[in-house]
Amino acid sequence: MGTLTGLFAPERVAVVGATDREGSVGRAILENLRSFDGDVVAVNPSRDEVLGEPCYDDLQGVPDPVDLAVVVVPAKYAIDVVRDAGEAGVTNVVVITAGFGETGGEGANREQELKAVAEEYDLNLVGPNCLGVMNTGVDMNATFGPEMALPGNISFMSQSGAFITAVLDWANDQNIGFKDVVSLGNKAVLDETDFVRSWGDDPDTDVVLGYLESIQDGREFIEAARDTTDDTPVVVVKSGRTDAGAKAASSHTGAIAGSEAAYEAGLEQAGVLRAESVQELFDSARALSGQPLPETDEVAVITNAGGPGVMATDAIGDSSLSLASFTEDTLDRLKAEMPDEANIYNPVDAIGDADIERFETAIDIVLDDPNVAAAVVVSAPTAVLDYGDLAEVVVDRQADHGKPLLTCLMGGERTGAAAETLREAGIPNYFDPARAVDSIDALARYRRIRDTDYEAATEFDVDREAAREVLEQAKVRDDNRLGVEAMELLDAYGIPTPEGAVVDSPAEAVQTAADIDGPVVMKIVSPDILHKSDIGGVKVGVETDDVYDAFEDLITRARNYQPDANILGVQVQEMVDLDEGTETIVGVNRDPQFGPLVLFGLGGIFVEVLEDTTLRVAPVSEPEAREMIDDIQAAPLLRGARGRTPADVDSVVETIQRLSQLVTDFPQILELDINPLVAGPDGVQAVDIRLTVDTEDL
Ligand code: ADP
Ligand code: MG
């Protein structure tokens, strides 16, 4: 993919499939392109003239170089047209035409063909099945939507074209402007990763917004977004969060939606601000495009209305922000300036009779406080206060102090002109105090993202060959499931396991147990028995004298459970201290979009009951592994709550990373569970393992 400058800021655009037929897409695009700063040429072999302009038979016949071709021909001609673009040296192509992957069958094949042609000529291809692209810098509306965006510093990509038309209609009303707008369509070539990357390098894009139903390549998206968010925030609404929503999305654009949990982890790791609703998407966008970032998470509230002030305070409590505590100096100044009935502590209540001078003084003193990083002005209408004056004071004070200042000038008609004044200065005004607080929260979250230094995953010294040999057992046995007989896989990757061996006679069991100090644990080993303890297949604390009988009993139980079970033997294992240790789980799953996901949580029998787990996309770096521990609710248990000896958390962190390396090295591992990984004060012990491998791929 080349640079996308020619896509968004071309000098000459060709519309292939141009026509003057009323109501056609071809005509709508030509009309939308009338205001374009550059040249527009019409291409259509069955016309000599379109809307009074000359029309060419094909792109190769256009005498001047074309930077962007917009294709609106019927699907069956689209491939030929794209090839013609390649031959004519046109590098940017927007395929509006539908009838590709979204229809399945023949359409899917056509999309493959389209992709191949685009690759052959190295085309920047948008679509197919999309609304088009816009750029306000050159007044280009290469879409068939009814409205052009207003100029601004937000660039917006959407997997739904209809959503773009709806958003623009609303945004124009709200005076929200855009720089680039792109309808992603089926994402045959260019996808969200390409746009996130390209807007990261664009000085005119201050905020990237996305409406996404799927992400093509999760890991690539994470890398691109991390680069971009160094100086440009990325806010995304990802739809299809529920199972029903995901199904609707996959039939909508032919995208295979990955699991919601994978998206949640992946977007977080990418440094993307995830908005839960369209309202939140644009609230965040407005704050990010108009306000500076708060240096800390400490927020102040200044109000003339007790109730709404408390609502703002509650919202702060629900967010990642905190209520700033003022310095002595601030309190002294407020005390001197405010009436006795006022509340000078945060939230500052200048009370109902506050006029503009009192408001201004309060705002000034509060923003002067070094403990205050941002503030919300919450006000109810009163007879002694003019909202127009208040808006001007807010704009003025914000500019003077350079700290984010958002407003809730509550009311209806009365707020109209004031909100306009605020908007022009980049200050969002809301009715609901919670929305103002959430917008400051987005600013603070973005500051934390921007300040994050992403570390590469640690490369441990491991024995890959030994691991491969263990995995090959599955191929030899022609069964893709492996259990405790694969314990050496963990040894090869430096994950500690208790002493032990798989034996196939009672005598051998006795011998193995004799080499181990104290009582042992014995487990049935069979790929047909996935949950060993469910059938009484795990015996804990077996004394030396009982080992012989225990062996026979385990085999009998397995036979009773499933007469034709493939029994590989019995594992005799050293006991691990469960009084001092906590049973945790580390596991791996594969997601079609994000690849291997590493899971960590409370293990043993609790895993299904409590579901206290967290996920990351692999490879997992050290700081990410450490975060995973704090993510789970049982973290205090590991950190030594209620007089427990703290577990060796560093060993858990290392195990997560080593497992992440194992599944990154071996894509053949489809699923893997270490449950339990016993985390004790002296380190970890992987006591049980279960995995599924793709034997075809070994
Ligand atoms: P499964 O999960 O198939 O039932 P496990 O090997 O995980 O089998 O054993 C079940 C439970 O038995 C573990 O969660 C743990 O509580 C206990 N256990 C297993 N192995 C040991 C061991 N070596 N030391 C102490 N307890 C063990
Ligand atoms: Mg287990």
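The values are calculated or read from the model by the stated rules, or taken from the named source; none is laboratory data. Computed from a predicted structure; not experimentally measured. Virtual Cβ from ideal backbone geometry, glycine too; neighbours counted across all protein chains shown. When the accessible area is computed, the model is the full protein with side chains, heavy atoms only, and any ligands, DNA or RNA have been set aside. Shrake-Rupley method; radii C 1.70, N 1.55, O 1.52, S 1.80 Å.
Worth a mention:
- Accessible area per residue in Å² at 1.4 Å probe, computed on segment 362-430: 36
- Computed in the context of the full set of protein chains, the accessible area of segment 543-698 at 1.4 Å probe radius has 44% of its extent on carbon or sulfur.
- Contact order relative to length of segment 359-476, as percent, for alpha carbon pairs under 8 angstrom and 6 or more apart: 22
- Estimated inter-spin distance, E119 and V609, nm [label 7 Å along Cα→Cβ]: 5.2
- Loop-located chymotrypsin sites (Phe, Trp or Tyr not before Pro) in segment 126-216 (DSSP state not H, G, I, E or B) with no more than 15 neighbouring Cβ atoms inside 10 Å do not occur.
- Full-stretch length increase - V278, T645 - with 0.36 nm per residue and alpha-carbon distance subtracted: 127.4 nm
- For segment 169-240, the solvent-accessible area with a 1.4 angstrom probe is 29 square angstrom per residue.
- For segment 351-425 versus segment 611-670, the gap between their alpha-carbon centres in whole angstrom: 46
- Loop-located GluC sites (Glu not before Pro) in segment 574-666 whose Cβ has at most 14 other Cβ within 10 Å (DSSP): E580, E611
- Listed residues P428, V394, T228: farthest to the positive end of the dipole of the chain (Cβ charges): P428
- Accessible carbon and sulfur surface of segment 1-159 relative to its total accessible area, %, 1.4 Å: 45
- Across the protein chains, with a 1.4 Å probe defining accessible surface, the residues V278, V476 rank V476, V278 from largest area downward.
- Hypothetical label at D504: residues of segment 560-586 whose amide nitrogen lies under 16 Å (7 Å Cα-Cβ projection): 565-572
- Straight Cα distances below 13 angstrom link K179 to the aspartates and glutamates D139, D202, D204, D206, with same-chain residues fewer than 8 positions distant left out.
- Mean Cβ neighbour count within 10 Å, used as a protection proxy, ranking 84-97, 62-75 highest first: 84-97, 62-75
- Kirkwood radius, segment 320-441, all distinct C-alpha pairs, inverse of mean reciprocal distance: 14.5 Å.
- Taking a straight Cα-Cα cut-off under 19 Å and skipping sequence neighbours fewer than 8 places away in the same chain, the lysines within cross-link reach of K238 are K187, K247.
- Lysines whose Cα lies under 17 Å from that of K539, excluding same-chain neighbours fewer than 8 positions away: K523
- A 1.4 Å probe run over the protein chains yields, for segment 539-628, 48 Å² of accessible area per residue, whole-number rounding.
- Helix 387-401 and the longest principal axis of the Cα set of the chain meet at an angle near 60°.
- Helical runs assigned H by DSSP (4 residues or longer) give the chain a calculated mean residue ellipticity at 222 nm of -11500 deg cm²/dmol, each run adding -39500 (n - 2.57) before division by the residue total.
- Relative contact order computed over segment 77-218 (Cα-Cα under 8 Å; 6+ residues apart), in percent: 24
- Mean separation of Cα contacts under 8 Å (6+ apart) over length of the chain, as relative contact order %: 8
- Taking a ≥ b ≥ c as the square roots of the eigenvalues of the alpha carbon gyration tensor, segment 610-657 is oblate, as a/c is not under 1.5 and a/b does not beat b/c.
- Taking all Cα-Cα distances within the chain, those exceeding 52 Å account for 29%.
- Coil-residue chymotrypsin sites (Phe, Trp or Tyr not before Pro) of segment 552-614, DSSP, other Cβ within 10 Å capped at 13: none
- If R0 is taken as 41 Å, the Cβ-Cβ distance between D546 and E260 corresponds to a FRET efficiency of 0.30.
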